[in-house]
Structure formats: structure tokens, C-alpha cells
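First the structure, in the form of C-alpha cells, and then the observations on it.
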Amino acid sequence: MTTQTKPSHLSYADLVEIKDKSFRVHASVYTDEQVFQHEVAEIFEKTWVYVGHESEIAEPGDYKTTMIGSQPIILSRGKDSRVHALLNVCRHRANAVCREERGNSSNFRCPYHAWTYENDGRLIGVPDRARYPEGFMTEGLDLIKVAKLDIYRGLIFASLSADVPELDEHLAPLKDHIDLWADRSIDGEHQVLLPHQYAYRGNWKFQCENGVDGYHPGVVHESAFSTFGDFGIGAFAERELIKRGSITRGLPGGHSTLEGGFGDGRGSARGLPARFEEYFGALKGIYGEERATEILSNRHIFIFPNVFLFDELIRIIQPLSLEYTEVRSHPFLLSGVHDELNTRRLYEGTRQLSTTGLVNPSDLEMFAANQTGLHAKMDWLVLHRGIDKEDTKSSGERVGHYSDEVPQRSFYRHWAQAMEKVGAGS
Amino acid sequence: MVSTKRMTRQEAEDFVYEEARLLDEREFEAWLSLFTEDAIYWIPIVENSDPTKQTSILWDDAQIRQLRVHHLAHERNVAQSPPSRTVHSISNVQIWPGVADDEMKVRYNLALHEVRTGNHSQLGLGDTRILAGKCEYLLRYEDRWRIAHKKVVLIDRHLPLVNLSFLV
């Protein structure tokens with residue numbers, strides 16, 4: 001199958017065309033194999049990527065395996081309770097040393113020749129060592145550590161490149177939003193659960209764009225929202241959201257938010273009004289009414305390049321190839337709130353956003369349809385909704401109406417910057 | 001005194017075959033009526049987890065089952081436009097008496113084939129997919145035998161699953 005490739009007269013950065021009143025991305029950002037390879041190398045291997053939550057590896061010895069870009073990673077908690085991110089590759093003959101998704105172990109023993117590593121990566125055993133030449137040194141043959149690792153509010157990020165700004169700086173434009181998200185837990189702790197997992201036949205960026213797209217829900221999810229409405233469990237009206245000031249926010253660094261405001265989020269407490277008032281009351285007691293209201297407002301937070309913080313779950317987008325993407329959506333329980341409220345949040349997440357949910361499968365359907373559409377050779381996609389109406393602040397933050405394509409433009413501005421390094425000739 | 005109600009394996013097979021027929025022939029309202037009012041339909045990720053504290057693929061009470069059927073009939077249900085066709089095949093049926101006098105346990109292996117209709121050359125359409133797993137039922141005799149609990153344990157429950165917007 002031939003798909004659209006990057007026109008030779010355009011550089012990678014040129015694939016995002018920004019003018020006064022127009023903002024377009026070239027179709028090849030979704031269809032060119034070279035673009036995908038450069039994205040892995042220039043974006044995923046050169047920035048902070050979310051690798052997991054502290055609660056997923058709560059105890060010493062706990063580990064999970066994951067990926068940064070295309071590289072297999074082990075995230076583990078050592079004897080000393082420190083978190084380690086290691087490349088999942090034996091230093092001997094390059095076997096993956098850990099084949100499980102998650103578990104607890106003090107060490108990783110390579111299944112091929114039993115080279116054995118402590119769970120902090122140190123090589124501690126080589127069978128029949130005497131067969132190696134005299135002077136064989138095991139120093140320098142530990143599992144390779146991911147260059148940087150840091151944690152913010154329980155969220156663990158790692159970078160394969162040492163040449164990145166500190167995590168604090170990377171997250172700076174989003175910190176207020178992440179704090180609001182994390183403060184929903186009365187004492188700040190979160191218990192991240194196993195993910196809802198899905199996959200789709202389309203490019204990874206569709207899901208990144210979609211989670212902060214306020215234009216599509218009234219269309220793609222009309223059937224779900226009207227069904228919920230018919231059963232008296234909440235309704236959705238796009239115009240209402242715009243009227244009451246719901247917004248999109250584009251931030252420097254490719255980050256963004258979609259903010260529905262108070263009334264929709266409510267900690268998924270519809271149907272449990274007494275529990276909700278108790279919870280809201282506890283937050284008001286800690287933070288005052290204004291901030292408590294802000295904390296419980298509906299908010300989708302996109303952290304460049306591939307993770308969302310939603311009201312009920314953390315979503316990770318894992319590109320596997322140009323046209324195939326996996327998505328993991330981890331529900332989480334809040335601490336210091338009533339069990340019934342957590343169960344309700346879990347339950348609503350399942351009926352909306354699991355692979356059997358009324359909402360999420362429709363999005364995935366659109367991504368496959370999107371990739372199918374791109375097999376037609378049309379040059380440019382149009383992302384300028386609201387471009388001449390957005391409010392640009394001195395920080396570089398831009399704010400638009402709920403259905404404006406402010407977040408998508410923020411994503412591609414940063415994407416173009418990252419891809420600029422590839423150079424025009426590549 | 002309540003008289004003991006029991007089922008033969010053949011009666012249990014007739015019951016689950018009929019459920020499969022209703023699903024495959026899209027007689028969803030009739031399917032709903034097979035359940036007791038308090039029944040839960042559960043597709044776990046972790047087989048013996050507590051669904052109030054761990055993620056599930058599906059965990060439906062009566063209201064959500066109705067909502068799901070209502071949504072399947074909605075003309076703008078994007079995930080089912082075009083709709084799926086399914087064949088539920090049942091084998092290895094076993095039965096046991098339930099704890100209560102009017103309850104039976106039924107277990108069988110399910111092979112579910114599903115295909116989306118529409119233009120098969122488009123991405124996401126035209127692939128015949130197989131879901132395999134075991135189904136465990138608690139049936140209770142009310143005015144007739146009804147499903148008091150249904151649990152489907154898929155062998156690939158730990159993997160990404162694509163668009164289960166039809167009824168498993």
C-alpha cells in the first residue's frame with residue numbers, strides 16, 4: 001500500500017504550516033514511515049515520558065515492564081525503596097531479562113544463560129564464570145539505566161536522553177493543573193489500578209489530539225450522551241459547555257487542557273449526592289470553597305508527548321507502528337474518600353471508557369476511519385478552528401472556547417520544534 | 001416449604017443455547033429478560049478480583065444492561081456503524097447444583113466470532129475476530145430459570161481488546 005510521504009521540498013518542521021489565520025498539518029505526519037521513525041528518535045527518545053505511577057510499584061521488589069518509544073523498559077523498586085528505570089536487555093546476548101508484565105522479585109534472571117541482576121540493575125551472577133578469560137570483569141555490565149528519572153505527585157517520568165531540562169521545567173506550564181488533579185485525593189495518595197487496554201489501526205497522534213478535542217463529543221458521543229440522558233444519568237450539551245465558559249488551553253511544551261468546569265466532573269458522584277457533599281465538604285475544609293470547586297471541575301490534562309490525566313483515569317498512548325497504536329487507561333482510587341465514591345468512579349470509567357464502554361470505542365472507530373481516509377492523497381488537514389479568537393497570554397499560554405483546536409495547535413507547534421532537528425535533507 | 005428446583009445438563013444447554021441465539025439474532029430485549037432484577041454481568045480482568053476495587057472489562061447491573069441495549073439500537077452509535085455480526089459457539093457444558101435449593105451453576109467454553117459489516121477494505125472493518133473464554137453462570141428459578149450472575153473469563157483479558165461494543 002502506498003501512502004502519502006513527505007514532499008521533498010518540505011522539511012519535517014514544514015509539515016506544520018502556521019499562518020495568521022490558518023494552521024494546517026500535512027497528511028504525511030500520519031502516513032510517512034520516515035516521519036514515524038523520526039518521531040520515535042526525536043520525540044520519544046529525547047524527552048520525558050511517563051512510565052508509571054508510584055502506587056503500581058508500591059513495595060520493595062515490585063516491578064512492571066513498559067516502553068519508552070520502541071524500547072522495552074523495566075520499572076522497579078529496589079530494596080532501598082528507590083525507583084529504577086532500566087532497559088530490559090541482558091548485557092550478554094541482548095535477551096529481554098523480564099518477560100512478565102508486573103510482579104515482585106529481588107532480581108531479574110535472564111532466561112537465556114542466567115545472567116542475574118539485582119532489581120536495581122547491578123549484575124550479581126554469571127554462571128560458569130571460570131570459562132571467561134582471566135581478568136573478565138563484570139563491572140560495566142549492569143543493566144543500562146534510563147538516563148533520567150524523576151517523580152512528580154506520584155507520576156514517574158523517565159528520559160532516555162540525559163540532555164533534557166529537569167522534569168520540573170518540563171512540567172512547569174502544567175503544574176497548577178496537575179496539582180488540582182492530584183488534590184482530588186484527600187490526603188494526596190492515589191492507587192493506580194490495572195488498565196483498560198485497547199488498540200486501534202491508526203496513528204498514535206489521533207488519540208493525543210482527540211482527548212483534548214471538545215469539538216467531537218457532541219457528534220461522536222451523541223449516542224452515548226443521549227442514552228445517558230434518556231436514563232436520567234446526566235446529559236451533555238456542547239453549546240451549554242461553551243455558554244458557561246468551558247475552555248481549551250494550549251500550553252508551551254506541547255501540553256494542553258480541555259476544561260469542562262464544575263458540574264460535569266464532580267468526582268463522578270452523580271447518583272451519590274450525599275457522598276459527594278461529604279467529599280466536597282472535606283475538600284472545602286482543607287482548601288476553601290473556591291479551590292475545592294476548582295479541584296472538582298472536569299479537566300482533561302495532556303502531557304506531551306503521550307499521556308493524559310483524566311478525572312477517573314490516567315491514559316498512556318503507546319505507538320507501535322505508523323498505523324497501529326495501543327492505549328492503556330488506568331483507573332485510580334482516591335485516598336481519604338468513601339469506598340462507595342471510589343467504586344462509583346471505577347464503575348463510570350468502565351461503562352464509558354473501557355473497551356466495552358459507551359464512549360471510548362467510538363473514538364477508536366474514528367481513528368481507524370481517519371487513517372483510512374488518509375490513504376486518499378489529500379495534502380493538508382485543517383486545524384484552525386478558533387485561531388483568530390484565542391486569547392494569547394505573555395507566558396505563551398493560549399485559551400479558546402471548549403470546541404476550539406487550541407490544544408491540537410499547541411501539540412503541533414511543539415512537534416514541529418522537536419522535528420526541526422532532523423533537518424530538511426533527512 | 002420451597003421445593004427443590006434442579007436442571008438436567010440438557011436443560012442447561014437449551015438455556016444457554018437460547019441466550020446465544022438471542023444475542024446473535026439481535027433480540028436484545030428478550031436477552032435482557034433472561035436476567036433477574038439483581039443480576040450482575042461481569043467480564044473481569046483479574047478472575048477472582050473484587051470488582052468494586054479493581055478494573056473490569058465490563059461490570060453491568062440491570063440499568064447498565066438496559067442502557068447498553070438502548071445504545072446498540074441508537075442510529076448514531078459510531079462504534080457500531082456499521083454493526084457487528086456475531087456467532088456465539090458453546091461447548092464443554094457442565095452443571096452443578098447451587099447452594100440454594102432453587103439455584104444451578106453452569107459453566108461452558110465460549111468461542112465468539114465477530115465481524116464488522118461495511119466496506120471490508122477499510123481499517124477496523126472486515127477482520128473476523130475470535131474471543132475465547134469460559135462462561136460461568138448462577139441460574140435461579142423464579143417464574144422460570146433466569147441468570148442471577150454471569151461471568152465471562154476471556155483468555156486474552158490481559159491484552160488490548162478492540163471495540164467490544166457488541167454484546168459478548
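The values are calculated or read from the model by the stated rules, or taken from the named source; none is laboratory data. No experiment lies behind these values; they were computed from the predicted model shown. Note: ideal-geometry Cβ built from the backbone for every residue, glycine included; neighbour counts use all protein chains shown. Surface accessibility is based on the protein's heavy atoms, side chains included, excluding ligands, DNA and RNA. Shrake-Rupley method; radii C 1.70, N 1.55, O 1.52, S 1.80 Å.
Below 8 Å between Cα atoms, with a sequence gap of 6+, how large is the relative contact order for the range A:1-86 in percent?
With pairs under 8 Å counted, the relative contact order is 17 percent.
For peptide A:321-328, how many partner chain Cβ atoms fall within 10 Å of a residue's Cβ, on average?
Mean shielding count: 1.
I'd like to know which of A:TYR347, A:VAL422, A:PHE411 lies farthest towards the positive end of the charge dipole of the range A:341-426, counting +1 on Cβ of Lys and Arg and -1 on Cβ of Asp and Glu.
Ranked along the dipole, the leading option is A:TYR347.
Accessible surface of A:LYS284 in the full protein assembly, 1.4 angstrom probe, to the nearest 10 Å²?
70 Å²
Out of B:LEU67, B:TRP42, B:THR55, whose Cα points farthest toward the positive end of the dipole of the range B:7-73 (charges: +1 Lys, Arg; -1 Asp, Glu; placed on Cβ)?
Working it through, the farthest residue towards the positive pole turns out to be B:THR55.
DSSP beta bridges in the range B:12-114, what fraction antiparallel, as a percent rounded to 5?
100 percent
Please compute the average number of Cβ atoms from other chains found within 10 Å of each residue's Cβ in peptide A:352-360.
Counting Cβ atoms of other protein chains within 10 Å of each residue's Cβ and averaging gives 6.
What's the magnitude of the charge dipole for chain B around its Cα centre, counting Lys and Arg as +1 and Asp and Glu as -1 at the beta-carbon? Answer in Debye, nearest 20.
Approximately 400 debye in magnitude.
Which translational diffusion coefficient, to the nearest whole µm²/s, is obtained for the range A:5-149 from the Stokes-Einstein equation, given a Kirkwood hydrodynamic radius over C-alpha pairs, 10 °C and 1.306 mPa s? Don't jump to the answer; show the numbers that get you there.
Details: Rh = 17.8 Å.
In µm²/s, the coefficient rounds to 89.
Using a cut-off of 30 Å between alpha-carbon atoms, which lysines can reach A:LYS243, once sequence neighbours fewer than 8 places away in the same chain are excluded?
Excluding near neighbours in sequence, the set is A:LYS19, A:LYS21, A:LYS175, A:LYS205, A:LYS284, A:LYS389, A:LYS393.
Per residue in the range B:102-149, which ones lose no less than 40 Å² of accessible surface when going from chain alone to all protein chains (1.4 Å probe)?
Buried on complex formation: B:LEU123.
Return the long-range amide H neighbours of A:ASP311 (sequence gap of 5 or more, or a different chain), with a cut-off of under 5 Å between placed amide H atoms.
A:ARG299
Convert each backbone phi in the range A:184-192 into a coupling constant with the Karplus relation 6.51 cos²θ - 1.76 cosθ + 1.60 (shift: θ = phi - 60°), then list the ³J(HN,Hα) values in order as whole Hz, x for Gly and Pro.
Per-residue couplings from phi come out as 4, 7, 4, 10, x, 8, 10, 10, 7 Hz.
Taking Cβ-Cβ under 4.7 Å as the only way to count a partner, pick out the unpartnered cysteines of the protein assembly as shown.
A:CYS98, A:CYS208, B:CYS135
Residue by residue, what Karplus-based ³J(HN,Hα) values in Hz, rounded to whole numbers, does the range A:63-80 have, using 6.51, -1.76 and 1.60 with θ = phi - 60° and x for Gly and Pro?
Computed from phi, the couplings for the range A:63-80 are 8, 9, 9, 8, 9, 10, x, 9, 9, x, 10, 10, 10, 9, 10, x, 3, 8 Hz.
Which residues' amide hydrogens lie under 5 Å from the amide hydrogen of A:TYR324, considering only partners 5 or more residues apart or on another chain, with H built in the peptide plane?
Under 5 Å from the amide H of A:TYR324: A:GLY202.
Treating only the Cβ of Lys, Arg, Asp and Glu as charged (+1, +1, -1, -1), what charge dipole size does chain A show about its Cα centre? Round to the nearest 20 debye.
580 debye
Which longest uninterrupted range of chain A lacks any GluC sites (Glu not before Pro) assigned by DSSP to a loop state (not H, G, I, E or B) and surrounded by at most 12 other Cβ atoms within 10 Å?
It runs A:167-426.
Which trypsin sites (Lys or Arg not before Pro) from the range A:373-409 combine a DSSP loop assignment with at most 16 other Cβ atoms within 10 Å?
For trypsin sites (Lys or Arg not before Pro) across the range A:373-409 that sit outside H, G, I, E and B with at most 16 neighbouring Cβ atoms in 10 Å, the list reads A:LYS377, A:LYS389, A:LYS393.
Net charge near B:ARG6, counting Lys/Arg +1 and Asp/Glu -1 over other residues with Cβ under 12 Å of its Cβ?
-1
Run the reach check for B:LYS151 against lysines, Cα to Cα strictly under 19 Å, same-chain hits fewer than 8 apart removed. What comes back?
Filter leaves B:LYS53, B:LYS105, B:LYS134.
Which loop GluC sites (Glu not before Pro) in the range B:58-145, with loop taken from DSSP, have no more than 14 other Cβ atoms within 10 angstrom of their Cβ?
B:GLU75, B:GLU142
Have a look at A:HIS177, A:GLN197, A:LEU296 and report the one farthest towards the positive end of the charge dipole of chain A, computed about the Cα centre with Cβ charges (Lys/Arg +1, Asp/Glu -1).
Of the options given, the answer is A:GLN197.
Would you mind counting up the charge near A:ALA58? Only other residues with Cβ under 14 Å from its Cβ, with Lys and Arg at +1 and Asp and Glu at -1.
My count for the surroundings of A:ALA58 gives -1.
Under 14 Å from the Cβ of A:LYS79, count the other residues' Cβ atoms, weight Lys and Arg +1, Asp and Glu -1, and hand me the total.
Local charge sum for A:LYS79: -2.
Rounding to the nearest 10 and keeping the result within 0 to 90°, find how far the Cα-based axis of helix B:9-24 lies from the longest principal axis of chain B.
With rounding to tens, the tilt is 30 degrees.
Let me confirm one metric for peptide B:50-61, namely the mean number of other chain beta-carbon atoms within 10 Å of its residues' beta-carbons.
Taking the mean over all residues of the peptide, I get 6.
Have a look at A:GLY253, A:GLY135, A:GLY218 and tell me which one the Gaussian network model of chain A (Cα, springs below 10 Å) gives the largest fluctuation.
Highest fluctuation of the listed residues: A:GLY135.
Can you show me the helix-derived [θ] at 222 nm for chain B, built from DSSP H runs with n ≥ 4 at -39,500 (n - 2.57) apiece and divided by the number of residues, rounded to the nearest 500.
-5500 deg cm²/dmol
Treating the angle as unsigned and between 0 and 90°, give the value, to the nearest 10°, between the Cα long axis of helix B:62-72 and the longest Cα principal axis of chain B.
For B:62-72 against chain B, the angle is about 30 degrees.
For chain A, set up a Gaussian network in which alpha carbons nearer than 10 Å are linked by springs, and say which option among A:SER329, A:SER159, A:SER22 fluctuates the most.
A:SER22
Which far-off residues, 5 or more places away or on another chain, put their amide H under 5 Å from the one on A:MET67, with H placed in the peptide plane?
A:ILE73
Report the semi-axes of the equivalent ellipsoid for chain A in whole Å, largest first, where each axis is √(5λ) for an eigenvalue λ of the Cα gyration tensor.
Rounded to whole Å, the semi-axes are 37, 30, 19.
With θ set to phi - 60° and the Karplus curve 6.51 cos²θ - 1.76 cosθ + 1.60, what are the ³J(HN,Hα) couplings of the range B:152-168 in order, to the nearest whole Hz, using x for Gly and Pro?
Whole-Hz 3J(HN,Hα) from phi for the range B:152-168: 10, 9, 7, 6, 9, 5, 8, 9, x, 10, 9, 6, 8, 8, 8, 8, 6.
Using a Gaussian network model on chain A with a 10 Å cutoff between Cα atoms, which of A:ASP120, A:ASP163, A:ASP150 fluctuates the most?
Judging by the Gaussian network model, the answer is A:ASP163.
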